[in-house]
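The values are calculated or read from the model by the stated rules, or taken from the named source; none is laboratory data. What you are looking at is a predicted structure, and each value in this text was computed from that prediction instead of being measured. Note: ideal-geometry Cβ built from the backbone for every residue, glycine included; neighbour counts use all protein chains shown.
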Amino acid sequence: MIKRIKKALEFKKDNINSLLISCEELHFYVKLPGSKKESFVTCVGNLWRCDCEDFTGRGLHKEGSFLCKHILAVLFYLAKEFEKTP
């Protein structure tokens, strides 16, 4: 988990593109630093999902039990954005 958190902290604001932010849903494209590959991250209700291999390989075994580096990057991004809001 620590390794995933460290990788998630490498993502910059420019690597995260918000598509939809509403009361019920969040949708983001997260681009790997130094790569053209993007992952699609969603949150509906309180359930986070990502289409990356890491999440699809481990995260679907028990809903909500796994957070990949892309989901963590979005969570860190949102935390920083909300810090700016008075």
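Every residue in segment 32-50 that is of a type outside the set (Val, Ile, Thr) and within 10 Å of the chain's Cα centre (by Cα), please.
Those that are of a type outside the set (Val, Ile, Thr) and within 10 Å of the chain's Cα centre (by Cα): Ser39, Phe40, Cys43, Trp48, Arg49, Cys50.
Restricting to segment 28-56, and then to whatever is part of a strand (DSSP E or B) and among the aromatic types (Phe, Trp, Tyr), can you tell me which residue is surrounded by the most Cβ atoms within 10 Å (Cβ to Cβ)?
Phe28
Residue check, Val30 against (1) among the hydrophobic types (A, V, I, L, M, F, W, C); (2) farther than 20 Å from Phe82 by Cα; (3) modelled with pLDDT of 80 or more, all met but one. Which one?
Status for Val30: all satisfied but (2).
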